[in-house]
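Novice: First the structure, which I've put down as C-alpha cells, then a few questions once you've had a look.
The values are calculated or read from the model by the stated rules, or taken from the named source; none is laboratory data. The model shown is predicted, which means the values in this text are computed figures rather than measured ones. Reconstructed Cβ throughout: ideal geometry from the backbone, glycine too, with neighbour counts over all protein chains shown. Just so you know, the surface numbers come from the protein's heavy atoms only, side chains and all, with ligands and any DNA or RNA stripped out. Shrake-Rupley method; radii C 1.70, N 1.55, O 1.52, S 1.80 Å.
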Amino acid sequence: MLSILPQVIVDGLTLGFMYAVVALGYTMVYGILEFINFAHGEIFMVGAFIGTEVLLISDSLGALQGMNPYVAFFMTLVISMALTGGLGVLIERIAYRPLRGAPRLVPLISAIGVSFLLQDLVRFTEAIARNEFYLNTPALFSGSVSLGFASIPTKGLIVIILAIVMMIALTLFIGKTKWGIAMRAVAQDQSTASLMTINVDKVIMLTFLIGSSLGGATGVLFSQNYGTIDPYIGFILGLKAFTAAVLGGIGNLRGAMVGGVLLGLLESLSGAYMGPLTGGAFGAEYKDVFAFSILILVLLFKPEGLFGEAVKEKV
Amino acid sequence: MANIGWKSIKGIPLIFTLIWIVGFASALHFLDKSVIAFLGILFSIILIYYTNSSKMVRMILGAAVLLLIIPLVAGDNRYYMEVASQVGIYVAMALGLNIVVGFAGLLDLGYVAFFAAGAYAYAIFSTSQANQFIPGELFPLTGDWFWPFLIVGLIVAAIFGILLGLPVLRVKGDYLAIVTLGFGEIIRIIFNNLDKPINITNGPQGITPIPQPELFGIKMSTPFYFYFIVLFVIIFIVIANIRFEHSRLGRAWVAVREDELAAQSMGISLLNTKLAAFATGASFAGVVGVIFAAKQTFIDPTSFTLMESIGILVMVILGGSGSIPGVILGAAFVTVLQVQLLKEFSNFLHSLQQSGIINLPNQLDPSKFQRLIFGVMLILVALYRPNGLIPAKRKKNDLDAIRGSKYSGGKLGILSKLQGKES
C-alpha cells in the first residue's frame, strides 16, 4: 500500500498545481471586485477546447508533423491564452460591468448564467463542427522522467514547471510593475484609486484579461495531461479551484498556490487510500465529497483561509 | 416610457378575460391535441391576475379555471394533465425556494437536495428497499401510506434543512451560494453511492416500483389525480407563503435580507431567522418530493442534479424573487418552455429532418438546450429586470388614512400635557 505513495504524491502535485493556477484567476478577481467569478471554470474549459482545436486543426493541415512538440505546445498555449483572455474581457464588459453597483447577488446570478451559456455554446459549436463534443487531445509529450522513487510523465512535469513560472511572473507583475500597483490600489479602494488618476475600468479589464488567460493556459495543460475533454469539465474543477482559493485565503496570491497544491495532494491521497482504509466501504467516488467538505470546514472555522487576514465588518 | 403606458391601463377588462377563457376552452375541446389552446388556458391564469375586477371575482374565476375547466376539457388527455401536474410540481418547489431566496435573501444552490430527501424518504419505505436495512419483512407499504408520508417527507426535509443550515448559515452572500452548491453535490454523490456498505438508496440503479397513492381503495395512477394533489399542495403553500410574508417572522426575513447588521441590532436573532427560512423552504420541497416519487414510480440520483437546483432558481429570479404571483409565473413559464415548447420544436425539426429538408446532428436537438436557455435568461434578467417579471410589492402604509383615523386625534403621553400651551 505504501509502495504507491510516491506516485500518488506526484499525481497529487500535478493536479494541485493545476488547481493553483485556476485558483489564481478566482483570487485576482475576488481581490479586486469582491465578486466570485463563477464563470472562471468555464473559461478554463474554453481554453482546453481552443487548445485541442488548435492541435487538431494543425494536425489535419499536416503542420504538426515534424514540428518540435515544445514549439507546438507553446503555439497552442499562446493562442489559447490570447483568446480566453479576450473572452474574459468580453464577459466582463457585457455581463459584469453594467452590474457593478448592483446588490451583490445580482452579478453572481449573471455569472452563473454566463457559465451555463458557455457550456452549451461550446457543446453547440463542437457538435456542428465535429458532430461530437467529447474530444481527444493529440498528445504532444509521451515520455516520462524517472525520479528514482517515482516516475513523472513529461506532461506532468510541464504542468508543474509552467504553473510555477506563471505564478512567479504574476507575483512579479503585481508586486513590481505600475499596472500591478494600480491593481492593488483599486483593490484597496476603487473611488480613491480613481481620484489618483487610475482608470478603474481599465484595471478591472486587465485583471480579467490576465486571470482569464491564466485559466485558458491551464485548460491547455489539463487537456494535454488528461487526454479527453468535454464541455462540463470546467464546473467541478472551477469549484475545486475556488475551494483552493478559499483554503489559502481568497484574495491572496500565495495562498491560492498553497491551497491548490494542498487540495490536489489531499484529493489524490484520499482517492488512493480511502477505499483500502475503510475496507472498501467508501471508495474513490467520495473524493469530491472530501474536497467540498474541506471547503465547508474552512469557511466555518477559518473563513479567512490559511494566509488571509480576518476582515472586520464595515458598518 | 413603456412603464407609463402600462400604468395607464388599469388591468384587463373582465369581459376580455372571459372571452379568452371560453374561446380557448372550446378550442381545446373541439380541436383535439391543440398545444396552443392548452397554453392559452394556462395563460388565462395570468390574465385573471391582471383583470380589472374585485379580488373575489378573480379568485372565483381562477378557481373555476383550475378546478373545473382544465380537468373537464383536458382531463381525459393524459399528456396535458402530465404537463399540468409537472408545472404544478415546479410551481410548488419554486414557492418553497421563494421563502429562502426571495424572502430571506439566502441564495441556495443546493435546494434540490431537500426535494431528494422527501422523494427518497417515500421511495425507500414504500418499496422493499427498506428491508435491506430493517429486519423483518415489513415492506413494501401500500399506496395508502402516501398521505401520511406527505407529512413524513415534510418533517424529514425540514430536519435536513436544519442540519444543513446549522453549519452553513454562518457564511453569507456568495459564499453561502457556493457552500450550498457543494452541499447539494455532496448529497447527490452520497445518494449515488449509498448502496454499500449498507444498501440504503440502491445507488445509481435507483428505486422502483414506488406505489402510487390510494384513497378509499381508488388507485390514483393517472396524471389526472396528481394534478389535483399538486393543486391542493400549491394552494396550501401559497397560503403559507402569504401568511408568512406578513407575519413577524416574515418581516424578520425581509429585514435580514435587506441589512443583516441592522436587523441584528434591532434584536432579530440571525441564526434562528435564517434557520426558520431554510427549514420552511426545505419542508415544502420535501412534500413535493414525495409527490414526485409517487408520480414517477421510479427515482434515481440523476433527477436531483445541480441543473434542477439552477432551474428552480431561474424560475424564482425570472418571475421576481419575493413575489408570489411572479414566482408562479416564472415556474410555469420555464416548465412549459422545457417540457412542451422545446419538445414541440425538436419534433418539428425531426419531421423536417425526416423529409430531408435539413440535416442536424443529434447533439443539436433543441430539447437539449436547457443550459443555453437558462444561461441567457439569467444574464438578461440580471441585466434588465433584476427584480423579475412581476416584482414584489412592498406593503405601503397609507399615511393620510392614519392621520385621518379617529385614534390619531388626541395626543398621547407627554404630548397631551403640552396641548394646552401649544394653541
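Novice: Using only protein heavy atoms and a 1.4 angstrom probe, determine the accessible area buried between B and A, summed over both sides, in Å² to the nearest 100.
Specialist: Separately minus together, B and A give about 4200 Å² buried.
Novice: Which whole-Hz ³J(HN,Hα) couplings does the stretch B:155-168 yield from phi under the Karplus relation 6.51 cos²θ - 1.76 cosθ + 1.60, θ = phi - 60°, glycine and proline marked x?
Specialist: Running phi through 6.51 cos²θ - 1.76 cosθ + 1.60 with θ = phi - 60° gives 5, 4, 5, 5, 5, 4, x, 5, 4, 6, x, 3, x, 5 Hz.
Novice: Separate question: Please compute the per residue accessible area over the stretch B:225-283 with all protein chains in place, 1.4 Å probe, rounded to a whole number of Å².
Specialist: Result: 49 Å² per residue.
Novice: Okay, moving on. What nm value, rounded to one decimal, do you get for the distance between B:V35 and B:F236 when each label is placed 7 Å out toward the C-beta?
Specialist: 3.4
Novice: At 4 °C and a viscosity of 1.567 mPa s, what translational diffusion coefficient does Stokes-Einstein give for the stretch B:76-122, taking Rh as the Kirkwood radius over Cα pairs? Give it in µm²/s as a whole number.
Specialist: 107
Novice: Rounded to two decimal places and with Rh computed the Kirkwood way over Cα pairs, what is Rg over Rh for the stretch A:189-271?
Specialist: Rounded to two decimals, Rg over Rh is 1.09.
Novice: For A:E285 and A:I161, compute 0.36 nm times the residue count separating them, minus their Cα-Cα distance, and round to one decimal in nm.
Specialist: Full-extension gain reported as 41.7 nm.
Novice: What base-10 log of the normalised intensity I(q)/I(0) is obtained for the stretch A:46-186 from the Debye formula, alpha carbons as equal point scatterers, at q = 0.11, 0.18, 0.20, 0.22 Å⁻¹?
Specialist: Results for the stretch A:46-186 at q = 0.11, 0.18, 0.20, 0.22 Å⁻¹ read -0.64, -1.22, -1.27, -1.33.
Novice: Between B:R78 and B:M56, 0.36 nm times their residue separation minus their Cα-Cα distance comes to what?
Specialist: 4.7 nm
Novice: Another question about this same structure. Debye calculation, C-alpha points only, no solvent: report log10 I(q)/I(0) for chain B at q = 0.13 Å⁻¹, in the same order as the q values.
Specialist: -1.24
Novice: Then there's this: List the residues, sorted by chain then number, that are 5 or more residues from B:T51 or on another chain and whose placed amide H is less than 5 Å from its amide H.
Specialist: Residues meeting the amide H criterion: B:I12.
Novice: Would you please report the Å³ per residue occupied by the convex hull of the alpha carbon atoms in the stretch B:223-286?
Specialist: It is 73 Å³ per residue.
Novice: List the residues of the stretch B:207-226 whose backbone N lies under 13 Å from a point placed 7 Å from the Cα of B:F298 along the Cα-to-Cβ direction.
Specialist: The answer is B:207-210, whose backbone nitrogens lie closer than 13 Å to the label point.
Novice: For a paramagnetic label modelled at 7 Å from the Cα of B:A27 toward its Cβ, which residues of the stretch B:322-341 fall within the zone defined by backbone nitrogen distances under 16 Å?
Specialist: Correct set: B:341.
Novice: Here's another thing I want to ask about it. Viscosity 1.306 mPa s, temperature 10 °C: what is the translational diffusion coefficient of the stretch B:201-353 from Stokes-Einstein with a Kirkwood Rh over Cα pairs, rounded to a whole number of µm²/s?
Specialist: Calculated translational D: 86 µm²/s.
Novice: State, to one decimal in nm, how far the label point of A:Q188 lies from the label point of B:A63, with both points 7 Å from Cα in the Cβ direction.
Specialist: Between A:Q188 and B:A63, the label points sit 6.6 nm apart.
Novice: A further question on this structure: Which whole-Hz couplings ³J(HN,Hα) result when phi for each residue of the stretch B:93-108 is put into the Karplus expression 6.51 cos²θ - 1.76 cosθ + 1.60, θ = phi - 60°, listed in order with x for Gly and Pro?
Specialist: Result, rounded to whole Hz: 5, 5, 5, x, 5, 4, 5, 6, 7, x, 7, 8, x, 9, 6, 10.
Novice: Suppose we flag chymotrypsin sites (Phe, Trp or Tyr not before Pro) only when DSSP calls them loop and at most 11 other Cβ atoms lie within 10 Å. Which is the longest uninterrupted stretch of chain B?
Specialist: Between the exposed loop sites, the longest stretch runs B:217-423.
Novice: Now a separate question. Could you tell me how far the Cα centroid of the stretch A:182-203 sits from the Cα centroid of the stretch B:263-311, in Å?
Specialist: The distance from the Cα centre of the stretch B:263-311 to that of the stretch A:182-203 comes to 42 Å.
Novice: While we're on this one: Amide H of B:L215 versus every other amide H placed in the peptide plane: which residues, excluding those fewer than 5 positions away on the same chain, fall under 5 Å?
Specialist: Close amide H contacts, sequence-distant or interchain: B:M220.
Novice: Working only with C-alpha atoms, what are the Rg and Dmax values of the stretch A:157-205, expressed in angstrom?
Specialist: My reading of the Cα-based Rg and Dmax gives 13.7, 46 Å.
Novice: If you split all Cα-Cα distances of the stretch B:281-371 into 10 Å bins from zero, what percentages do you get per bin, shortest first?
Specialist: Bin by bin from 0 Å, the calculated values are 14, 34, 32, 16, 4, 0.
Novice: With just the Cα atoms of the stretch B:40-87, tell me how far they stretch along each of the three principal axes, in Å, largest first.
Specialist: Reported extents, whole Å, longest axis first: 34, 15, 14.
Novice: By the scheme Lys and Arg +1, Asp and Glu -1, what is the net charge of all other residues having a beta-carbon under 13 Å from that of B:F224?
Specialist: Result for the local shell: +1.
Novice: Pairs of Cα atoms under 8 Å, at least six residues apart: use those to get the relative contact order of chain B, whole percent.
Specialist: For chain B, the relative contact order is 22 percent.
Novice: Given the alpha-carbon gyration tensor of the stretch A:156-315, what are the semi-axes of its equivalent ellipsoid in whole angstrom, ordered largest first, with each equal to the square root of 5 times an eigenvalue?
Specialist: Result for the stretch A:156-315: semi-axes of 33, 21, 13 Å.
Novice: Kindly write out, for the stretch B:115-122 in residue order, the coupling ³J(HN,Hα) from the Karplus curve 6.51 cos²θ - 1.76 cosθ + 1.60 (θ = phi - 60°), rounded to whole Hz, with x marking Gly and Pro.
Specialist: 4, 4, 4, x, 5, 5, 4, 6
Novice: Let me ask something else about it. Quick one: what does P(r) look like for the stretch B:83-186 with 10 Å bins over all Cα pairs, in whole %?
Specialist: Each 10 Å bin holds this share of Cα pairs: 14, 38, 30, 15, 3.
Novice: Taking amide H positions as placed 1.01 Å from N in the peptide plane, with prolines and chain starts having none, which residues 5 or more places from B:I299, or on another chain, fall under 5 Å of its amide H?
Specialist: Hits under the 5 Å cutoff: B:I207.
Novice: In bins 5 Å wide, starting from 0, what share of all Cα pairs of the stretch A:1-115 does each bin hold, as a percent?
Specialist: Result, from short to long distances: 2, 10, 15, 17, 14, 12, 12, 9, 6, 3, 1, 0 percent.
Novice: Could you pull out which residues in the stretch B:92-125 have an amide N less than 18 Å from a spot 7 Å beyond the Cα of B:I159, following the Cα-Cβ vector?
Specialist: Answer for the stretch B:92-125: B:113-125.
Novice: Accessible area of the protein assembly as shown with a 1.4 Å probe: how many percent of it is carbon plus sulfur?
Specialist: Carbon plus sulfur share of accessible area: 67 percent.
Novice: In addition: Work out, step by step, the length gained on full extension between B:R251 and B:K219: first 0.36 nm times the residue separation, then minus their alpha carbon distance; give nm to one decimal.
Specialist: The span from B:R251 to B:K219 would gain 7.2 nm if fully extended.
Novice: Ok, one more. Projected area of the stretch B:1-139, taken from the Cα convex hull and averaged over every viewing direction, in nm²?
Specialist: 13.5
Novice: Tell me, what are the semi-axes, in whole angstrom and largest first, of the equivalent ellipsoid of the stretch A:255-308 as set by the roots of 5 times the Cα gyration tensor eigenvalues?
Specialist: 24, 12, 7
Novice: Counting just the Cα atoms, what span does the stretch A:1-51 cover along each of its three principal axes? Round to the nearest Å and put the largest first.
Specialist: Cα extents, longest axis first: 46, 27, 12 Å.
Novice: Continuing with the same structure: Tally Lys/Arg at +1 and Asp/Glu at -1 over every other residue whose Cβ is under 15 Å from the Cβ of A:L262; what's the total?
Specialist: Taking every Cβ under 15 Å from that of A:L262, the sum is +2.
Novice: Taking Cα atoms of the stretch A:124-180, Rg/Rh with Kirkwood Rh, to two decimals?
Specialist: Ratio value, two decimals: 1.23.
Novice: For the stretch B:62-167, what is the relative contact order in percent, using Cα pairs closer than 8 Å and at least 6 residues apart in sequence?
Specialist: Relative contact order here is 19 percent.
Novice: At 20 °C and 1.002 mPa s, grab the translational diffusion coefficient of the protein assembly as shown from Stokes-Einstein with a Kirkwood Rh over Cα pairs, rounded to a whole number in µm² per second.
Specialist: Diffusion coefficient, whole number: 76 µm²/s.
Novice: Ok, one more. Please compute the volume of the convex hull spanned by the alpha-carbon atoms of chain A and report it per residue in Å³.
Specialist: Per residue, the Cα convex hull of chain A comes to 150 Å³.
Novice: Per the Cauchy relation, a quarter of the hull surface: what is the mean projected area of the convex hull of the alpha carbons in the stretch B:31-113, in nm²?
Specialist: 7.3
Novice: Normalised by the residues of chain A, what does the relative contact order come to in percent, with Cα pairs under 8 Å and at least six apart?
Specialist: Averaging sequence separation for qualifying contacts and normalising by length gives 35 percent for chain A.
Novice: Using a 7 Å offset from the Cα along the Cα-to-Cβ direction at both A:S144 and A:R130, what is the distance between the two label points in nm, to one decimal?
Specialist: 2.5
Novice: Now, a different point. At each listed q (0.09, 0.13, 0.20, 0.22 Å⁻¹), what is the log10 of I(q)/I(0) that the Debye formula gives for the stretch B:132-263 modelled as equal alpha-carbon point scatterers?
Specialist: At q = 0.09, 0.13, 0.20, 0.22 Å⁻¹ the computed log10 ratios are -0.45, -0.90, -1.33, -1.38.
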